[in-house]
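Data block below; observations after.
Nothing in this text is a laboratory measurement; each read-out follows from the coordinates by a stated rule. Keep in mind the model is a prediction, meaning the values are calculated, not measured. All Cβ positions, even for glycine, are placed from backbone atoms using ideal geometry, and neighbour counts span all protein chains on display.
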Amino acid sequence: MVNTASDKVIKLKEQIKPHLFAEFSDRYKSEPRGLFTCKEGIVLVPETTFDVAEILVQCNILQMPVIPFGGGTGLVGGQIYTGSEYPAVVSLHHMNRIREVSPLDQTVTVEAGCILQDIHEEVEQYDHIFPLSIASKGSCQIGGNLATNAGGVHVMRYGNTRDLCLGVEVVLPDGTIMNNLNKLHKDNLGLDLKNLLIGSEGTLGIITAATMKIFPKPMEETTALLSVSDLETALELLIFFKKHFGNLISAFELISATGFEFVQETGLVTRLPFKVIPRWAVLVDLGSEFYMDLNERLGEVAGLAVERELVLDGVIAHSEQQRMEFWAIRELIPEANRLVGAIVSNDISLPISKLPTFVARAESALAQIGHFRTNCFGHIGDGNLHFNVFALRHSDLSITKELRDHIRETILNIVNDLEGSTSAEHGTGRLKVEEIPKYRSQAFVGTIEKIKQTLDPNNIMNPGVLIPPQD
Ligand SMILES: Cc1cc2nc3c(=O)[nH]c(=O)nc-3n(C[C@H](O)[C@H](O)[C@H](O)COP(=O)(O)OP(=O)(O)OC[C@H]3O[C@@H](n4cnc5c(N)ncnc54)[C@H](O)[C@@H]3O)c2cc1C
């Protein structure tokens with residue numbers, strides 16, 4: 001009979017090939033914001049799908065918690081076990097082969113441990129793009145992107161990770177390999193199990209490979225940073241651009257004055273394109289697969305927007321380097337936030353029409369609690385805001401857990417009231433697991449529980465994520 005943690009580890013070591021074990025190093029002990037930590041565990045580094053299957057068979061027999069681990073960049077603590085048992089962390093980084101790029105099928109087939117940026121670079125050699133783009137692209141893995149259904153800056157045009165996936169290969173908790181790596185752009189035979197696995201954050205199985213959509217590389221790309229007076233005007237500008245450019249808009253990102261100030265204050269960006277930092281600005285990115293003098297068209301349309309008082313001021317990138325500089329400002333905001341240190345971070349989505357109401361109500365509710373700085377930024381083109389709250393500079397405010405919880409709950413209740421979601425693109429993880437029963441119906445929660453019970457009756461896969469722990 002095997003019951004204690006050390007017995008289980010000894011047993012596992014007897015059953016699994018020795019070269020599949022690795023050191024439980026620092027990268028497995030904490031996540032980017034340091035909100036969750038795990039002191040001990042065992043790390044397994046499979047090289048093939050069969051290795052993953054063998055690991056899950058043994059962990060299932062031993063009833064050991066299994067924590068799938070990708071790039072470790074997740075922001076909701078899904079990759080860090082916090083329970084009382086001894087976890088088996090399964091790190092996919094050795095499974096990093098790009099199996100096939102097929103421009104004719106418009107697909108790339110990759111193993112789960114491929115770093116997102118490596119996929120970008122490989123596909124580019126075929127004059128194509130894989131459009132999933134997030135600031136952590138140099139470290140995160142496609143398996144983690146699928147498990148969290150990552151969003152990023154190009155959702156408006158290309159959709160989120162779920163929309164980009166045609167097929168997955170997955171190992172279920174009992175070790176069964178389910179290979180659905182098809183390249184079909186249409187497939188209605190049976191239930192869409194792929195979409196159940198995507199976004200399941202390692203609670204229903206381990207994704208080992210996927211077939212993803214690729215697109216022809218845009219021939220022209222251009223970017224503008226435009227300041228606007230308020231959020232209502234930013235949304236009017238979005239409609240105005242949609243009328244002129246349709247789905248050539250690949251990103252429409254909001255940046256607030258605080259975002260510009262933070263990247264400057266933290267020294268991440270030394271030069272800003274505005275003389276005076278605007279209260280609000282949008283970064284608009286366009287791409288076209290055919291030549292149409294996009295930069296000049298953007299100049300004309302931006303000029304019209306100024307005439308109609310939709311835009312106060314702005315700059316259009318006149319070189320690829322300047323485009324990258326504009327993008328760097330946007331992409332460095334999460335790192336600047338981390339350096340400044342948020343009291344509360346929120347990744348929320350709302351019906352696009354309700355974004356201005358949300359910001360007005362959230363700012364006013366915060367003012368009732370105290371004096372704070374907020375950094376509100378994100379993908380307003382698809383209704384996803386990051387609304388982060390910080391102490392004022394030189395503030396002696398005592399940041400207690402009660403204060404954080406009160407602020408978070410106040411903001412999330414407004415989101416819920418406006419029919420939004422308290423988790424837009426980062427997932428639920430351990431950070432937001434309590435929000436599921438709070439903001440979803442009993443029928444919804446009950447259905448998740450039944451699915452979990454059916455696929456993972458021993459609850460070995462990432463316990464504590466998606467379903468709140470019972471103890
Ligand atoms: C600076 C920064 C910027 C970011 N920007 C964005 C953004 O714009 N949009 C966005 O959506 N996210 C963003 N993120 C969050 C993060 O990068 C994404 O959630 C990413 O998809 C996580 O991938 P990962 O490989 O790092 O996964 P990990 O952090 O390792 O894991 C995340 C979850 O997926 C599970 N998992 C990992 N691999 C597998 C697998 N093969 N099979 C099953 N389950 C698995 C883990 O158990 C965990 O629950 C950002 C993070 C940082 C640090």
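Numbers at a glance
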item: Alpha carbon centroid spacing (whole Å) that separates segment 236-272 from segment 116-158; result: 20
item: When each of Lys8/Lys39; Lys186/Lys242; Lys354/Lys401; Lys213/Lys242 is checked by Cα-Cα distance, pairs over 22 Å; result: Lys186/Lys242; Lys354/Lys401; Lys213/Lys242
item: Contour minus Cα-Cα distance for Leu193 and Lys242 (0.36 nm per residue); result: 14.2 nm
item: Residues whose placed amide H lies under 5 Å from that of Gly71, excluding near-sequence neighbours; result: Gln141, Gly144
item: Segment 98-216: C-alpha gyration tensor shape, a/c 1.5 cut-off, then a/b vs b/c; result: prolate
item: Whole-angstrom gap from segment 1-74 to segment 337-374, using each part's C-alpha centre; result: 38
item: Volume per residue that the Cα convex hull of segment 103-151 spans, once the total is divided by residue count, Å³; result: 74
item: Point-charge dipole on Cβ atoms (K/R +1, D/E -1) for the chain, about Cα centre, debye to 20; result: 740
item: Pairs of Cα atoms farther than 32 Å apart, the chain, %; result: 42
item: Length added when fully stretched, Glu289-Glu40, from 0.36 nm per residue minus Cα-Cα; result: 84.6 nm
item: Loop sites in segment 319-420: GluC sites (Glu not before Pro), DSSP, at most 11 other Cβ within 10 Å; result: Glu419
